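Worksheet: the structure to be examined is printed underneath.
The values are calculated or read from the model by the stated rules, or taken from the named source; none is laboratory data. Because the structure is a prediction, the values reported are computed rather than measured. Every residue, glycine among them, receives a Cβ derived from its backbone with ideal geometry; neighbour counts consider all protein chains shown. For accessibility, only protein heavy atoms count, side chains too; no ligands or nucleic acids. Shrake-Rupley method; radii C 1.70, N 1.55, O 1.52, S 1.80 Å.
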Amino acid sequence: MQLSSRRHLKQLMGVYQKHPYRDTIKLFIITGISMLLAFYPIYGGMPIPERRALFILILAASLWMTEALPAFAVGFLVIGLSIFLLSPEKGGEIPWQTFTETWSSPIIWLFLGGLVLARAAEKTGVNKRVSSILLTKLGSSHSMLLFGIMFLSFIFSNFMSNTATAAMMLGLMGPVLAGFAKGDKRKKAYIMAVPLGANIGGMGSIIGTPPNAVAAALLDGRGEGVDFLTWMWYGMPPALVCLFVLWFYLRTTYSCKGKNETKFDFELTPMNKDSVFVMVVFLLTIILWCTGSLHGVPASVVAFVPIVLLPINGVIEADDMRSLPWDVLILLAGGLTLGVAVEKSGLAYTLVEAMPSAGENMFILVIMMAFMACIVSNFMSNTAAANIIMPIAAAMAVGYEKPMLVVIALASSTAMCMPVSTPPNALASSSGLLKASDFLVTGIIAAIVGVISSLVWIRFILW
C-alpha cells in the first residue's frame, strides 16, 4: 500500500512537471498558502492592515524563494499590492504615494550612477585595459597571479555589479589558463578566484551590492544616513580579511606556488578620446564619493556626474541605457516598498513582540540575524533576503539599527556555498572545471570568516 502511494505521488509529480501551466499552478498554490498563513485566526486581534502587510511579506518571500515569478516581477507585485491593500481607499492609513516614492529614493539614483559608470567602462574597454595591465605586472608567480585575479575581481565589484565583474574577469582567463595542462588543478584556483573576489568585493562599497543600498536607504529613513566613504570604513576591513583568508586557502589547497611561465596576450581596443573621458569621469566620481565629508555633496547627488556627463558626451547612447539591468533597480525599489509596508502598517513591531527575546544582550540578536541572513542568502537572492529580514531586524534593534543593518548587509555578501548561490558562482560553474563540492568548502570558509570578521569589526567601531 505504501509503495502504491509513493508510485502514485511520483506519477502526480511527473504530470505536474510536464503541465504547460505549472508556473501558474505554483503561483496559485503559493498565493493560497500565503493568504491562509496571513489571515489564520491564530493571530487574534491583529489589525487588518497588519494582516494585509503580513500577506504581502509571506507572498513576496515565497515567490522570491521558489522563483515562481522573476525577481523584478515580484518587486512590481509588492508595490502594486501595497497600494491596493494598504492605501486609505482600502481601509488603510498610508497614502499610496508612499509606496511609489521608493522608486525615486536617493539610493536608486546612486545605484543607477554605478550602473552607468560600469556600462561606460565596459563599452570603451577601460575595465579590460586596467585588468590586463595589472595581471601582466602580477603574473611573475602563480601565488601573486592568483591574488591579482582575486583582487581585481574584488576591486571592480565595488563599483560594478558582481555579475558583470565575473563575466569580464572570466573572459580574461583564456591567456591565464592556456599555459596549464588539461588536468592541472591550479586551473580550479584561478577560476574560483573570480567569483570569490567578486562576491566579497560587494561588501566594500555602498553600490557594491543591493543589500548595502537597502541598508543605507533604511538608515537614511531613520536619520542615520551613511555616505560612500563611511560605508567603505564599515565594509572594507572585514572584506579584506575574508579575501586574504580565501586567497591563502586557494593558494595552499591547489598548490599555486612557484614561478609563472605563462605569456599573456590580451586583445585590447586602442585608446581613444572616449576611453580617456570615461577614465576621467570614473576617477572624478570616485574621488567625489570618497571625499563627501569635505565638500558635503551627498553620494546620490555625485552619482549624477556620470549619469549626466557620459550621455552628453555620447559615450552612453540610447541602446546602452536600454541594456542596463533595470530589473535590479526594480527589485531594489520593490524591496524598499516592502520595508515601508511592514513598518508603516505596524507589522514589524507586532512581529518583534512575537519573537523570542535575546535578553538584554543586543549583540546576541545581531549575531543571530547575521547568520540567518547568510544562510537564507545561499538559497535565494541576497537582495530579496535583505529586503525581507532588514525591516524586521531594524524594528527589533531599537537604538542599534545601524550595527544591525550593516552587519546583515555584509553577511548577505558572504553567501556563496552553492553554484547557484550567486550569479558569479553560476558563471564560474559553467566553465566545467568546478564541482559543487568546490563551492561548498570555500563557501563555508567565506561564511564563517566573513560573518565573524564583520561582527567583530562592527562591534568594535559602532557599539
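Tell me yes or no: at least one residue of segment 159-172 is more than 14 Å from the chain's Cα centre (by Cα), at pLDDT 85 or above, of a type outside the set (Ser, Thr, Tyr) and open to solvent by less than 10 Å² (accessible area, probe 1.4 Å).
no
Across segment 200-233, what is the total count of residues that are open to solvent by 10 Å² or more (accessible area, probe 1.4 Å) and either assigned to a helix (DSSP H, G or I) or among the basic types (Lys, Arg) (or both)?
10
Can you name the residue in segment 237-266 that is among the charged types (D, E, K, R) and surrounded by 12 or more Cβ atoms within 10 Å (Cβ to Cβ) and, of all such residues, is modelled with the highest pLDDT?
Arg251
Given the conditions (1) of a type outside the set (Gly, Ala, Ser); (2) open to solvent by less than 70 Å² (accessible area, probe 1.4 Å); (3) at pLDDT 85 or above, which single one is not true for Trp109?
Only one criterion in (1) of a type outside the set (Gly, Ala, Ser); (2) open to solvent by less than 70 Å² (accessible area, probe 1.4 Å); (3) at pLDDT 85 or above is unmet by Trp109, namely (2).
Pairs please, first residue from segment 63-86 and free of Cβ contacts under 8 Å to residues at least 60 places away in the same chain and small (Gly, Ala, Ser), second anywhere and open to solvent by less than 50 Å² (accessible area, probe 1.4 Å) and assigned to a helix (DSSP H, G or I), Cβ atoms under 6 Å, 6+ apart in sequence or on different chains.
Here the result reads Ala68/Ile30, each pair linking segment 63-86 to a residue that is open to solvent by less than 50 Å² (accessible area, probe 1.4 Å) and assigned to a helix (DSSP H, G or I).
Only one of (1) modelled with pLDDT under 85; (2) assigned to a helix (DSSP H, G or I); (3) open to solvent by less than 20 Å² (accessible area, probe 1.4 Å) is not met by Val78, so which one is it?
Result: Val78 fails condition (1) only.
Please go through segment 176-198 and give me each residue that is within 20 Å of Phe244 (Cα to Cα) and either in contact with a Gly (Cβ under 6 Å, 6 or more places away or on another chain) or among the aliphatic types (A, V, I, L, M) (or both), ordered by number.
Those that are within 20 Å of Phe244 (Cα to Cα) and either in contact with a Gly (Cβ under 6 Å, 6 or more places away or on another chain) or among the aliphatic types (A, V, I, L, M) (or both): Ala189, Ile191, Met192, Ala193, Val194, Leu196, Ala198.
Starting from residues that are exposed (fewer than 15 other Cβ atoms within 10 Å of the Cβ) and not in a loop (DSSP other than H, G, I, E, B), keep the ones in segment 290-308 and report whichever is modelled with the lowest pLDDT.
Ser293
Residues in segment 122-158 that are out of contact with any Asp or Glu (no Cβ under 6 Å at 6 or more places or on another chain), open to solvent by less than 60 Å² (accessible area, probe 1.4 Å) and not aromatic (Phe, Trp, Tyr): how many?
22
Going through segment 84-106 one residue at a time, which ones are of a type outside the set (Phe, Trp, Tyr) and open to solvent by 50 Å² or more (accessible area, probe 1.4 Å)?
Pro88, Glu89, Lys90, Gly91, Glu93, Pro95, Gln97, Thr100, Glu101, Ser104, Pro106 - these are the residues of segment 84-106 that are of a type outside the set (Phe, Trp, Tyr) and open to solvent by 50 Å² or more (accessible area, probe 1.4 Å).
Has segment 33-47 got at least one residue that is assigned to a helix (DSSP H, G or I) and at pLDDT 80 or above?
Looking for residues that are assigned to a helix (DSSP H, G or I) and at pLDDT 80 or above, one finds none in segment 33-47, hence no.
Please go through segment 315-338 and pick out each residue that is of a type outside the set (A, V, I, L, M, F, W, C) and open to solvent by less than 30 Å² (accessible area, probe 1.4 Å).
Asp320, Gly334, Gly335, Thr337
On the given criteria, is Arg119 touching an Asp or Glu at 6+ places or on another chain (Cβ under 6 Å) and modelled with pLDDT of 80 or more?
Here the answer is yes, as Arg119 does meet what is asked.
Taking Ser87 as the residue in question, decide whether it is over 28 Å from Asn313 (Cβ atoms), in contact with a Cys (Cβ under 7 Å, 6 or more places away or on another chain) and of a type in the set (S, T, N, Q).
no
Just checking, how many residues over segment 267-289 are surrounded by 15 or more Cβ atoms within 10 Å (Cβ to Cβ) and in contact (Cβ under 8 Å) with a residue 24 or more places away in the chain?
10
What helices (runs of 4 or more DSSP H), lying completely within segment 343-462, carry at least 1 residues that are crowded, with 20+ Cβ neighbours inside 10 Å and at pLDDT 85 or above?
In segment 343-462, the matching helices (runs of 4 or more DSSP H) lie at 362-377, 382-396, 401-412, 436-462.
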